[in-house]
Amino acid sequence: MSTNSDAAKGGEIWDAIIIGGGPAGSIAALALAKRGRRVIVLEKAEFPRFHIGESFLPATFDRLKELGLEPALRELPHVPKFGAEFAMGNGGTHLEIEFADGFCPCDETFNIERSLLDTMLLKEAARGGAEIRQPATVKQILSMADGDVRIQTDAGEIRGRYLLDCSGQQTVVGRHLGTRKNADEPHLRKVAYFSQFENVWRPSGRKQGQPLIAMMEEGWFWMIPLNERVTSVGVVLDADVAKSVLQKENLKPDQMLAWGIARCPAVNGRMTQAVGRPMNNVLADFSYRCRPYAGEGYFLIGDAATFMDPIFSTGVSVAVNGAMAVAKYVDDILAGRISAARARKRYISHLEESTGTLFQIIRQYYDHSFRELFLNGTGPLQVHKAVIGVLAGNVFPRPPWKLRWRLRFFDFLVKWNRKKQLVPRRRRFSLLKSDPTPIDPSIPAASGRAIPAVAEIQAGS
């Protein structure tokens, strides 16, 4: 796809060159184009294309509405989402939360296939005036300085005033500068196995769109309704655990999801009639940062800046909020309302503050004491509402004070609960110690093949 191609001729200098046409790149392009800036987006893939990350926070929905994208969004197949469900993997303790119960300005959001959403956002950016080149590959970054950026693409050199890296986990600028660093916390090294299924059981009515997060010692499962028929199902495991299971069980990576489903009652109990693909996708290398998030001539947005465990579906929210912030900063720089150095400093602070809060909750999530307190569903001084507020994405550009002090108090309670029981103890659940429960392979499949074909895997076939 290419638009406004005549305007791109003649060696012209763009106000912003954007690498990547996902949500970060599309939103940044649209927000800048709405401000009258001349923008070019370079996306290496042809849309639509599959992408993980189908569940969104209310904070994301708010930003899309600000840009006037709600009508286009509602035309796409999606499932309204008003909260989420959390459970131990053994199928025992469940907690259902609603965003309206937290300190949230918005209590509604959605689940949707990313191929549909991303294609719509990129088309809206083009309709708003951005130049879209697709497919287009960035070969080399030639120079980056405030007001003077040059990059080499497969179609030639492109010049601009600022470079916005929205390349996702490719982290084009981070790799160019050598600043990409994986998290130095071994427990955040994860690998995910996921696929899509039909006929997965889900609640009815207002609750039908709430994702299920099932927790175990080795990681967690997700079950996300995407439309009336399809549900995304995935398991996130510690990287070392996944490697050990593959070796000991003599499995292939595309069999890991079925192996996990068979051992997780909270999940396989909802998949007795599920059908879908017999193999799964794999995603690794969770949790990294590319500091600094801005420098002379560039800004990093979304996964191109930092990536964290997707337990709370924060990825697109970080991308969209970052994109809108950077669009304003670049416009202000070019208009002379702020210096480039000051804009960089503010953006870095913006991203450190918001993602720092999210990283804190993610670290705590793997602490069993946190899980016990969280699954209790309530706490003193409305501390539980602060956690729900974070889960709704109410952290941009920084969490409000009513969240911050309660989160600190909650952290204290987590530490106290390890030593002195504050809430009912919850039995730990381990996939490695759980006996498999095969799903009957004789169940007729509406389409595709009966899933997850656990019996075949157990037989070693």
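I'd like to check something: does the stretch 277-298 contain any residue that is out of contact with any helix residue (DSSP H, G or I) (no Cβ under 9 Å at 6 or more places or on another chain), at pLDDT 95 or above, assigned by TED's automatic domain parsing to the domain that holds ALA28 and not in a helix (DSSP H, G or I)? Looking through the stretch 277-298, none of the residues is out of contact with any helix residue (DSSP H, G or I) (no Cβ under 9 Å at 6 or more places or on another chain), at pLDDT 95 or above, assigned by TED's automatic domain parsing to the domain that holds ALA28 and not in a helix (DSSP H, G or I). Picking from residues in the stretch 204-236 that are in a loop (DSSP other than H, G, I, E, B) and either touching an Asp or Glu at 6+ places or on another chain (Cβ under 6 Å) or in contact (Cβ under 8 Å) with a residue 12 or more places away in the chain (or both), the one that is nearest to GLY92 (Cα to Cα) is GLU217. Of all residues in the stretch 203-222, those satisfying the criterion of being buried (at least 18 other Cβ atoms within 10 Å of the Cβ) and either of a type in the set (A, V, I, L, M) or over 30 Å from ARG363 (Cβ atoms) (or both) are LEU212, ILE213, ALA214, MET215, MET216. Scanning the stretch 97-132 for residues being in contact with a helix residue (DSSP H, G or I) (Cβ under 7 Å, 6 or more places away or on another chain), of a type in the set (D, E, K, R) and more than 22 Å from PRO71 (Cα to Cα) gives a total of 2.
Would a scan of the stretch 269-278 turn up a residue that is over 23 Å from ILE362 (Cβ atoms), β-branched (Val, Ile, Thr) and buried (at least 17 other Cβ atoms within 10 Å of the Cβ)? Yes, the stretch 269-278 contains a residue that is over 23 Å from ILE362 (Cβ atoms), β-branched (Val, Ile, Thr) and buried (at least 17 other Cβ atoms within 10 Å of the Cβ). Just to check your reading of the model, which residue among ALA29, ALA59, ALA24 is among the small types (Gly, Ala, Ser), outside any strand (DSSP E or B) and at pLDDT below 95? Answer to the selection: ALA59.
MET256: touching a Leu at 6+ places or on another chain (Cβ under 9 Å), assigned to a strand (DSSP E or B) and not charged (D, E, K, R), yes or no? Against the criterion (touching a Leu at 6+ places or on another chain (Cβ under 9 Å), assigned to a strand (DSSP E or B) and not charged (D, E, K, R)), MET256 does not qualify. Selection of the stretch 394-447 for residues being among the hydroxyl-bearing types (Ser, Thr, Tyr) and at pLDDT 90 or above yields SER430, SER434. Within the stretch 339-366, the set of residues being outside any helix (DSSP H, G or I) and buried (at least 17 other Cβ atoms within 10 Å of the Cβ) comprises just one member, TYR366. When ALA266, ALA239 are screened for being without any contact (Cβ under 8 Å) to a residue 60 or more places away in the chain, of a type outside the set (Val, Ile, Thr) and out of contact with any Pro (no Cβ under 8 Å at 6 or more places or on another chain), only ALA239 passes. Of everything in the stretch 223-239, what is surrounded by fewer than 22 Cβ atoms within 10 Å (Cβ to Cβ), of a type outside the set (A, V, I, L, M) and closer than 17 Å to SER204 by Cα? Give them in sequence order. The answer is ASN227, GLU228, ARG229.
The values are calculated or read from the model by the stated rules, or taken from the named source; none is laboratory data. Just so it is clear, the structure is predicted and the values come from calculations on it, not from any experiment. We place every Cβ from the backbone using ideal geometry, glycine too, and count neighbours over all the protein chains shown.
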